[in-house]
Structure formats: C-alpha cells, structure tokens
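Heads up, the thing below is written out as structure tokens.
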Amino acid sequence: MSIDLPFHRAWLDDDEINEVVDTLKSGWMTTGPKARQFEEDFQNYIGCRHAIALNSCTAGLHLAVAVSRFNEGDEIITTPMTFPATSNVLVHERLEPVFVDIEPGTLNLDASRIEAKITSRTRGILPVHFGGHPCDMDAIEDIAARHRLAIIEDAAHAIESRYKERKVGDRHLTAFSFYANKNITTGEGGMLTTNDDDIADTVRVLRLHGLSRDAWNRFGNAGYSHWELEMPGFKYNMADINAALGIHQLKKVERFLEIRKLHAERYDAAFGDVEELERMQTREYATTHAHYIYPVALRLERLKVTRDEFLNAVQETGIGVAVHYIGLHLQPFYRKTYALEPGDYPVATDYSQRLLSLPLYPKMTEADVDRVAGTVRDLVARFRR
Ligand SMILES: Cc1ncc(COP(=O)(O)O)c(C=O)c1O
C-alpha cells in the first residue's frame, strides 16, 4: 500500500527556506533575534502581553503547570479526548488528572459535567480546544471563578480560534503547537502566552535551565557577564532555525485558514446526505474554528465494518488517515494508574471507537478533497448494512 495523498503536507515557500539559510549564515542558530521576532509577531497576532517561544507545546503545557503554584496531589480537570501531552505534564508535576467526559458534536470537555468532578483537592481546569473548535470558555471561567481554580488552555489545535469576540490565548496561560502537522509549523515548536509579567519572567528563566540570562544576552555586545542559576529549569527554548520558519508561516496563517475552511465546507457538502457519517458541529460561540482536522464519526450500527477496517480500506486507496483520538482513559497508563473504566466516560468511549480524521490542509487541491470525499462515500456504500 503506498500513500499518494498523505494525511498532511506542510506548505513551505522560499520565504521560509531563505530565512533558515539566513539564520545558518548568521552564525546564530539557537534562541536569538529570530525567536524574539517570532514572539513579537505571535504576541501581536494573539493580542496578549507575552508570547514565549519554546521547543514544543508540551514544553508550554509543562511550564504553565510548573508556574501555577499547584501542590503535589492537587487535582486538575481535563479531557480524555486529547493527545497524551495534555495530561502527561500533570503527572510529571505530581498532580492528578481528573477526566471529565466530552460533549457530543464538538468533542470538547463538557462544561456541564465539570462541577460534579470538583473535590476539595481540585485546583485547576485544563481545557483542550479540540480540532480548533473553542471550548465554552464563559461556562468554564464561571466555574473556575466560583471554585477559585486556575485555567490553563491547550491550544495545540487552536492558533486561529476565537471564542465569541476573543482570541484563544489572550487571557489565560495558553500553549500552542507548531509541530510538523499543525496549522503553522516550525518543524518542532510551541508558544506559551500570558498577560502576567511575573509569570512571563519566570517562564523565560525556566525555559533555559533556570539561568538568569538567556544565551543571546550572555554572548551579546555588552561585555561578558556571568549567568546565575535562579531555579532548576528545563531545556525548552526555541532555536532560531525553527523560529525562522515560524516568522513566515505566521504571515500566511489566515490565508491557510481560508483554504482549510473551504475544504471543510466541501467535505460537509459531500457528506450532507450520508447517514452513516456523523459530522462535527460548530457552536454559535465558535466565531473562528481553526479547522485543524476534519473528524467524522462512523455510525457503526449502520455499517458492516469496524472503524479500523474502514480506516484501512481508505488507506488502501492511497489516502492517509488518522484517529484523533482513542481516549486517554482507555490508554494502559491512565486506565491502570487511576483505575478508570470505559463506562466512566461513555461519550469519549463511544467516539474513541468511531472517529476517523480525513486529510485537511491548504496544500490539498479541491480535486484532492473531492477524491477523499468520493472514496469515503464509495466505501460507505460498499460497507452499508
Ligand atoms: C491536543 C494536543 N496537545 C498537545 C500536543 C503537543 O504538541 P507538541 O508536539 O508541540 O508538543 C499535541 C500534539 O499533537 C496535541 O494535539
């Protein structure tokens, strides 16, 4: 089986390539002027006070949790329908992830189920804007305010997303991803946003071992000065080679989104009469959906195959597919460590068996989208009960 229409292909132009070459020729490859520029551009794009460039979104989530003054054993509410990074960082900081079931249609954490999970040890909520559809932040903020809980947002999928009139990332500690398959990419990379000056200072120190000055300042023109170790930190800084990509990717983010949106609408139109496919919904408060992925859920009772058989049948036609996600509550580590049962999260368990993500990216042509849609329609017809 060879895939000729991959699940994702990044859009990189000569701008990105030339900027990387310029970085290499400059002799400064790690965190420096390009990372600073990317931070400023991103800060302006989001409309927040600080954007701190990191080598991944996972690093951003980890630092957000590390600076939030939680204590060992505190409980943080999050979603099981996410990538492991979201809750792994809680485990690393000796916190307890408490999963709340998801909302049908958007696959986001179901805000109406949060309060039932709050205990005397709950200290925070970590929502994930699944697929770029923003979570219901008014509802989450209302609960957080009443129970004095911190909010940290996982916006790995949500660079462009807006909740009502607000940009995701303009209020709470929020982590973004520029991993290779994200809406914009730096190869590997992430950004943490905050409006809090003290938190931003601490994050900047923690991202580079806990040193008092970053390497750029240390070797700058102002004469030699010693660093001091202020706290034991991490190695989470973004290199200029990566930031060089980000500077130009960010300029194109809205153009990319326009194409993603058109492709998503084209899929919607193609699947409008296919009863066997459940399409995702967009709530009114989701004023900008980032369309990171195009998930569909198979109505298995109407089909003769399992999701995995369907997925393999699509791949056999040369089209790449993916699954976002099989819930974390079903993954061996979380299931065993926290004694979780599939029945504890019925909605997430059900979708974990039925979800399939189709290719959605600006490098795809309309003909590519039509090919995928046609293939899926044909397979549904073949496997219909
Ligand atoms: C929801 C979510 N959170 C966090 C991450 C981690 O991002 P990164 O690979 O930049 O660390 C991902 C990566 O795909 C993700 O999908």
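Every number here is computed from the coordinates shown, using simple stated rules; none is lab data. From a predicted model like this one, the values you see are computed outputs, not experimental measurements. With ideal geometry, Cβ positions are generated from the backbone for all residues, glycine too; neighbour counts draw on all protein chains shown.
Using the alpha-carbon positions of region 254-383, Rg (one decimal) and Dmax (whole number) come out as 15.8, 47 Å. Only DSSP H runs of four or more residues enter the estimate; each adds -39500 (n - 2.57), and after division by the residues of the chain the mean residue ellipticity at 222 nm equals -11500 deg cm²/dmol.
Under Stokes-Einstein, with the Kirkwood radius over Cα pairs standing in for Rh, what whole-number D in µm²/s applies to region 1-56 at 25 °C and 0.890 mPa s?
Details: Rh = 13.9 Å.
In µm²/s, the coefficient rounds to 177.
The share of alpha-carbon pairs in region 14-252 lying farther apart than 23 Å comes to 48%. Altogether, the Stokes-Einstein calculation at 10 °C and 1.306 mPa s, with the Kirkwood radius of region 208-322 over Cα pairs as Rh, returns a diffusion coefficient of 82 µm²/s. Computed from the Cα positions only, the extents of region 310-385 along the three principal axes stand at 47, 34, 19 Å, in decreasing order. Computed about the Cα centre, the dipole magnitude for the chain is approximately 380 debye when only Lys and Arg (+1) and Asp and Glu (-1) carry charge, each at its Cβ.
For region 265-331, GluC sites (Glu not before Pro) meeting the loop criterion (DSSP other than H, G, I, E, B) and having at most 14 other Cβ atoms within 10 Å: E275, E284.
Cα convex hull of region 258-331: mean projected area in nm², to one decimal? Let's see the in-between values first.
On the way: hull surface 27.0 nm².
Over all viewing directions, region 258-331 projects a mean Cα-hull area of 6.7 nm².
On full extension, the segment bounded by D138 and D4 gains 43.9 nm, given 0.36 nm per residue less the C-alpha separation. Modelled spin-label separation between D198 and R382, with each label point placed 7 Å from Cα along the Cα-to-Cβ direction: 6.2 nm.
Round to the nearest 0.05 the FRET efficiency obtained for R69 and T119 when R0 = 22 Å and r is the Cβ-Cβ distance. Intermediate values should be presented prior to the final figure.
Values: r = 19 Å, r/R0 = 0.84.
So the FRET efficiency works out to roughly 0.75.
Out of every Cα-Cα pair in region 96-220, what percent are more than 22 Å apart? Summing the P(r) tail past 22 Å for region 96-220 gives 44 percent.
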